[in-house]
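Beneath this line is the structure, given in structure tokens, with notes to follow.
The values are calculated or read from the model by the stated rules, or taken from the named source; none is laboratory data. For clarity, every value in this text was computed on a predicted model and none was experimentally measured. FYI the Cβ positions are ideal-geometry reconstructions off the backbone, even for glycines, and counts take in every protein chain you see.
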Amino acid sequence: MNLIQTFILTLLPAIVLQALLWRHAMKTVNAGWVDLGWTLGMAIGAMVLFWVLPLNPRAAAVLILVLFWSLRLATHIYIDRLKGNPEEDGRYTALRAHWGESAKWKFLAFFQGQALLSALFLIPATIVARRGGGFPDFRDVFGLLLALGAIAGESLADRQLAAFRRNPENKGKVCQDGLWRYSRHPNYFFEWLHWMAYPVWALGAENYVFVWLGPILMFIFLRWVTGVPHTERQSLKSRGDAYRRYQQTTNVFFPWIPRKPS
């Protein structure tokens, strides 16, 4: 089974899942369900790959990793943004207002676009799973350690921010605890770092160039499209000068030692 065939087989369940979540999102007036669909679409796609790819230790390792990553992130998204149907994320509210009467059908296209991304982001794992050679080798060990370390870093950043927000004394303040002292978006950085594991893990595999879809697309989306720009706007709106001072001292994406305020 070639790469195009596996891509189509992972895309189909993601399309169905996002259609169901779109219907629910329109009823609840909360388009944030699309984010849950993106991660769960990858979990379902990984299970499809378990079924259609020749199963060997390397394939099992990378697909279990994808399942672990996607289910952890899906759980976080559900608890942090969706449980109890909280207020819709501001970026989707803005889209709803911008699209006006056509918002319902434009959101359908948006949800299906996320289904496409779910399938695209499974391509690196598919390429790793199909790489030949004995398991484990250096690439397997390095790739697994980097991916697991990145997942641990993202999980730690999420927990640190959640703990900060739970404290009522921190209302209106900027989280600079733990990893948030060294990057304004350490969760995004570690999410991107996870995808950097696959180019190492897949070295020497057929169709290797396509493994770079993961880290390149993820960096573009997190740094310039859906991640950092929106979060920065929301933080400036809600925290004002405190966040501006944070911007002066702390790197936006890549962790580094804080600077002295100017």
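Conditions (1) in contact with a helix residue (DSSP H, G or I) (Cβ under 8 Å, 6 or more places away or on another chain); (2) part of a helix (DSSP H, G or I); (3) in the same structural domain as Asp177 (by TED's automatic domain parsing); (4) of a type in the set (Ser, Thr, Tyr), marked per residue:
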{"site": "Tyr198", "(1), (2), (3), (4)": "yes, yes, yes, yes"}
{"site": "Val211", "(1), (2), (3), (4)": "yes, yes, no, no"}
{"site": "Leu217", "(1), (2), (3), (4)": "yes, yes, no, no"}
{"site": "Leu222", "(1), (2), (3), (4)": "yes, yes, no, no"}
{"site": "Leu236", "(1), (2), (3), (4)": "yes, yes, yes, no"}
Evaluation of Thr39 against (1) within 24 Å of Ala129 (Cβ to Cβ); (2) touching a helix residue (DSSP H, G or I) at 6+ places or on another chain (Cβ under 7 Å); (3) modelled with pLDDT under 95 (one fails), failing number:
(3)
Some residue of the range 141-158 being in contact (Cβ under 8 Å) with a residue 12 or more places away in the chain, outside the structural domain of Phe189 (by TED's automatic domain parsing), among the polar types (S, T, N, Q) and assigned to a helix (DSSP H, G or I)
no
Conditions (1) more than 20 Å from the chain's Cα centre (by Cα); (2) surrounded by 17 or more Cβ atoms within 10 Å (Cβ to Cβ); (3) farther than 20 Å from Val66 by Cα -> Gln160 fails only (1)
Matching residues, the range 61-106, being of a type outside the set (D, E, K, R) and closer than 22 Å to Trp224 by Cβ:
Leu73, Ile77, Gly90, Tyr92, Thr93, Ala94, Leu95, His98, Trp99
Evaluation of Asn30 against (1) touching an Asp or Glu at 6+ places or on another chain (Cβ under 8 Å); (2) modelled with pLDDT under 95; (3) assigned to a helix (DSSP H, G or I) (one fails), failing number:
(3)
Given the options Leu146, Leu108, Leu122, name the one that is under 19 Å from the mean Cα position of the chain (by Cα) and more than 22 Å from Leu55 (Cβ to Cβ).
Leu146
Picked from the range 105-132 (must be among the polar types (S, T, N, Q) and surrounded by fewer than 23 Cβ atoms within 10 Å (Cβ to Cβ)), the residue farthest from Met42 (Cα to Cα) is Gln112
Is it the case that the range 214-225 has a residue that's over 30 Å from Ile127 (Cβ atoms), of a type outside the set (Gly, Ala, Ser) and in contact with a Phe, Trp or Tyr (Cβ under 8 Å, 6 or more places away or on another chain)?
no
So Arg165 ticks every box in (1) assigned to a helix (DSSP H, G or I); (2) within 21 Å of Ile77 (Cα to Cα); (3) modelled with pLDDT of 95 or more; (4) not β-branched (Val, Ile, Thr) but one. Which box is left unticked?
(3)
Across (1) more than 29 Å from Leu67 (Cβ to Cβ); (2) touching a residue at least 12 places away in the same chain (Cβ under 8 Å); (3) surrounded by fewer than 18 Cβ atoms within 10 Å (Cβ to Cβ), Phe135 clears everything bar (1)
